[in-house]
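The values are calculated or read from the model by the stated rules, or taken from the named source; none is laboratory data. Just so it is clear, the structure is predicted and the values come from calculations on it, not from any experiment. Cβ placement follows ideal geometry from the backbone for every residue including glycine, while neighbour counts extend to all protein chains displayed. Ligands, DNA and RNA are excluded from the accessible area calculation, which covers all protein heavy atoms including side chains. Shrake-Rupley method; radii C 1.70, N 1.55, O 1.52, S 1.80 Å.
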Amino acid sequence: MFPYPSSSSLHMGHARNYAIGDVYARFKRMQGFNVLYPMGYDAFGLPAENAAIKTNSYPKKFTEDAIKIFSKQQKELGLSYDWDRMITTCYPEYYKWNQWFFLKLFEKGLAYKKKAPVNWCEKCGTVLANEQVVDGKCWRCHNEVSIKQLEQWFFKITAYAEKLLKGIDQLEGWPERVKTMQQNWIGKSEGTMVNFKMKDSDEIIPIFTTRPDTLYGVTFMVYAPEHPKVIELVNGTEYERKVKDFIAKVLVQERFSRTAEEQEKEGMFIGKYAINPLTGDEIPIYIANFVLLEYGTGAIMAVPAHDQRDFEFAKKYSIPIKIVIHPTSYDLHAEKMSRAYVEDGVLVNSEKFNGRNNREAIEEITKYLKEKGLGEKTVQYKLRDWLISRQRYWGTPIPVIYCDKCGMVPVPEKDLPVKLPEDVRFTGEGNPLAKVNKFVNVKCPECKNEARRETDTMDTFVDSSWYFLRYCSPKENKKPFDPKKVKYWMPVDQYIGGVEHAVMHLLYARFFIKALKDLKLVSFDEPFTRLFNQGMLHKGGFVMSKSRGNVVTQDEIAAKYGIDTARIFLLFVASPEKDVEWSDQGVEGGYRFLNKVYRLLEKKKTAKTSKRLQNKTHKTIKDVTQYIDEFKFNLALISIMGFTDYLSSEEEITKESLEILTKLLSPFAPHLAEEMWEKLGHKNFVSSEKWPKHDDKKIDLKVEAEEEMIRQTIADIRNILELAKIGQPKKLELFVSEQWKYEAFKKIQKELETTRNIGEIIKKALVKGHEQDISRIVPRVVKDPSKMPRIITSQQEELKTLEEFRAVIEREFKTRLVVIKAEESKEHKAKLAMPGKPAILAE
RNA sequence: GCGGGAGUGCCGGAGCGGCCAAACGGACACGGCUUAGGACCGUGUGGCUUAGUGCCUACGCAGGUUCAAAUCCUGUCUCCCGCACCA
């Protein structure tokens, strides 16, 4: 996800986010993929405008300065972007295409203007989309949001509600939680539209319900107070005054501060009645603060017996409660109820539906309504249309002209872009654009008479809904993008960014692509095949952020350790999707590791490799490759660390092994890797080298077992020397026992390779009298077949193959090692040699 | 209320049915190297025990499935996040 450029120093939180993508890009590039890894800036937006007002400067200047600083720091981080493809959304070359898309959507009826109650942020001086209101507050400035009735531009995202919902299933490479959030946000619910009739007229009041089974229990009806119908109904009646007062009061309360259930339910009767379509009963109509205008039809049927909200309201205003669903196991009495009965049960007081299970009744009553023309099955979504107009300057002008004669006229394509005027005064009040006469006053494209431009600008999320397409052909000036290039590159294989955009950017971009597909501009359904949400970086228990003041800047870490150290720490400390805590000491660890790697250059190089080294090398290549592919960068680094330790402890290493280490490390610590690569005598960049491939034949588990035995034996010898208080041994004697039950191990091992049924094997083994073996073998079986043959046999059989065994131990203890077969040794010594373990004597 | 995720050693965190008393790093302790070392190398850090071993107790808590559980299932507690008077 491209960033909003801000002018401060990048901190470690940024560094982590970017490093994650960079590792992957470098890795894939080395693997031979053609990698499009670009950077761009989401350059329009309020902060720049606000900063301009504050400092009496100009948003463009402010933004350009910020971008300079930002990209400089990104380069210092070693991010391997293709800077030739950089895009900046605030230039006409880019936003022209926002306008172009707008016109296309407008043609299709997917962009429209309507008067609507909208979210208004006083501090930002603009309206906001629903997605940008978080807990009743502005997502950007956290100011309380209020509701205003305004003419606004919308994109008809609701036309794609079903497609957006269905499409989620295809998003296999997306985190579950993002998918769930989108599902909830779209909020599909299936129910029934029921037509109630007004008592005194033929007017119909449609309402949406998911519980048509309770229709016989309706005892009142409630409108959202701000519903336009309400004023109409009370107009000229004795209720008019009181209703208007109530509405005013509710609006003052502000919808978004009407928080949930703790809000006291309040309302009033408005003097009108509706008729229950099934019973013909008169139903009083109320208005109340708990009914939402935007959901359903803005009016509800209320069934106090079976809905908690309705119940509370009915109690408060003494409205009758009529039970229509009865529990099967106990009695229910309306007068005695202390809360609504919301569980399932059997229908009562419901005429022909009496005795029916209520779940079944939902279907049946809906069917019945349909037959009588009183209602039908329907689907509701919580998703609202995307409000895209903003009353601010620093954004893409909406390409529309208002003419007294011709009405609303879209700017013809040939006149694009509608450029943002640059000589603008920022007073901090209202939309500065509206005061620029040169901008506002235009000729109508149709009748050529005096007309006025739309002065609203677009939400910056329009910019970010298609920018990834632009990367494919950033210099294209005839079209928003070159379709051939887009066909080659898109959709995005791997997208990386924070969860905070789950229902904003990520939903808008999906909508955009689906709309573009219908416009035949692209041929795919979803913009992002795989999505990765990186975790947050914390310090002192809080997310690292400039506003919190707990940042560790990139500059300070770079100065102290070099930026590679920071990259290593950030990638090593935990898997990338986890939140992590910054640790100064942890960074030291990363620094030590890199130093250790670098010191390997001083090691003596040998031409001849060994089986052990090959095994370790290829095992490492295999693991690191797999881990990076799985985004487990921390584990990849651990593998590399293990390899480093291995090489450090060797007397001599091969140049090849060092080169491989350098390559494996290069995505993580690119600067150090390049330096090492050069010191190893290469003229090119290691980052343009081929990623090493492992050879399965070189990975030998037996060698590993030998390794392990050497390690153990060395540890044993140490222990003994310490216990015996021997400083420097003159000679070591190693007694090796006969090959105790070795054959039996092998046999069982064979069976283990061919079956997963451990229980069966154990039984077999018991029959064969291998009880002792089982304790050794059984726990060693693991799922991964590559890890299967795990039996460690330290018998002489194996020892014979250990050409290096003696050498290693002799080097370690600077003494001579004598290996003696136990059976050839003196009797008492032979006893010392336990099966599976060599015995050691030291002088 | 609905939905998503997490609870592991002194700490950060791996592991997600079997080489697990648990990777890797940090911290601490001891030893080595050294004029010195906050550098580097080695060893150790649940309890008891053996020269090499073995046993017990452990992965929030309580049950269960399995030859085998930190890992699977059920319940429960705590924490984090998203949506939320959605009819």
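Quick check: anything in the stretch A:391-406 open to solvent by 10 Å² or more (accessible area, probe 1.4 Å), charged (D, E, K, R), assigned to a strand (DSSP E or B) and in contact with a helix residue (DSSP H, G or I) (Cβ under 8 Å, 6 or more places away or on another chain)? No; the residues of the stretch A:391-406 include none that is open to solvent by 10 Å² or more (accessible area, probe 1.4 Å), charged (D, E, K, R), assigned to a strand (DSSP E or B) and in contact with a helix residue (DSSP H, G or I) (Cβ under 8 Å, 6 or more places away or on another chain).
Which residues, taken from the stretch A:542-585, are more than 9 Å from RNA strand B (Cβ to nearest atom), open to solvent by 30 Å² or more (accessible area, probe 1.4 Å) and without any contact (Cβ under 8 Å) to a residue 12 or more places away in the chain? Listed by number, the residues that qualify are A:Phe542, A:Ser547, A:Arg548, A:Gly549, A:Glu556, A:Ala559, A:Lys560.
Tell me, yes or no, whether the stretch A:114-125 has at least one residue that is in contact with a Pro (Cβ under 7 Å, 6 or more places away or on another chain) and either surrounded by fewer than 17 Cβ atoms within 10 Å (Cβ to Cβ) or under 22 Å from A:Pro3 (Cα atoms) (or both).
no
Given the structure, is A:Tyr95 out of contact with any His (no Cβ under 6 Å at 6 or more places or on another chain) and open to solvent by 10 Å² or more (accessible area, probe 1.4 Å)? Taking the combined requirement at face value, the residue does not satisfy it.
Scanning the stretch A:308-355 for residues that are surrounded by 11 or more Cβ atoms within 10 Å (Cβ to Cβ), in contact (Cβ under 8 Å) with a residue 40 or more places away in the chain and more than 21 Å from A:Met268 (Cα to Cα) yields A:Ile323, A:Val324, A:Ile325, A:Leu347, A:Asn349, A:Ser350, A:Phe353. The listed residues are A:Thr427, A:Thr378, and the only one of them that is hydroxyl-bearing (Ser, Thr, Tyr), at negative phi and open to solvent by 60 Å² or more (accessible area, probe 1.4 Å) turns out to be A:Thr427.
Taking each residue of the stretch A:591-617 that is at negative phi and open to solvent by less than 30 Å² (accessible area, probe 1.4 Å) and looking for partners that are of a type in the set (Gly, Ala, Ser) and within 12 Å of RNA strand B (Cβ to nearest atom) with beta-carbon atoms closer than 8 Å, six or more apart or interchain, yields A:Leu600/A:Ser648. Within the stretch A:289-308, is there a residue that is part of a helix (DSSP H, G or I), within 15 Å of A:Thr214 (Cβ to Cβ) and within 7 Å of RNA strand B (Cβ to nearest atom)? Scanning the stretch A:289-308, I find no residue that is part of a helix (DSSP H, G or I), within 15 Å of A:Thr214 (Cβ to Cβ) and within 7 Å of RNA strand B (Cβ to nearest atom), so the answer is no. When residues in the stretch A:339-385 are screened for being among the small types (Gly, Ala, Ser), assigned to a loop (DSSP other than H, G, I, E, B) and in contact with a Phe, Trp or Tyr (Cβ under 9 Å, 6 or more places away or on another chain), 2 of them pass.
Could you list, ordered by first residue, the pairs with Cβ atoms under 6 Å in which the first is in the stretch A:191-205 and among the polar types (S, T, N, Q) and the second is open to solvent by 50 Å² or more (accessible area, probe 1.4 Å) and within 14 Å of RNA strand B (Cβ to nearest atom), at least 6 apart or interchain? Listed pairs, sorted by first residue: A:Thr192/A:Lys377; A:Asn195/A:Pro206. From the list A:Lys197, A:Lys179, A:Lys249, A:Lys242, the lone residue that is more than 13 Å from RNA strand B (Cβ to nearest atom), among the charged types (D, E, K, R) and in a helix (DSSP H, G or I) is A:Lys242.
Would you check if A:Lys604 is more than 14 Å from RNA strand B (Cβ to nearest atom) and closer than 19 Å to A:Met676 by Cα?
Yes; evaluated as a whole, the condition is true for this residue.
Restricting the stretch A:145-168 to residues that are more than 22 Å from A:Thr460 (Cβ to Cβ) and either in a strand (DSSP E or B) or in contact with a Gly (Cβ under 7 Å, 6 or more places away or on another chain) (or both) leaves a set whose member that is least open to solvent (accessible area, probe 1.4 Å) is A:Ile147. State yes or no: is A:Leu416 within 21 Å of A:Phe101 (Cβ to Cβ), crowded, with 16+ Cβ neighbours inside 10 Å and modelled with pLDDT of 90 or more? When the stated conditions are applied, A:Leu416 does not pass them. Any chance the stretch A:450-470 includes a residue that's open to solvent by less than 20 Å² (accessible area, probe 1.4 Å) and free of Cβ contacts under 8 Å to residues at least 24 places away in the same chain? There is no residue in the stretch A:450-470 that is open to solvent by less than 20 Å² (accessible area, probe 1.4 Å) and free of Cβ contacts under 8 Å to residues at least 24 places away in the same chain.
Of all the residues that make up the stretch A:1-59, how many are among the acidic types (Asp, Glu) and not in a loop (DSSP other than H, G, I, E, B)? Final tally of qualifying residues: 2.
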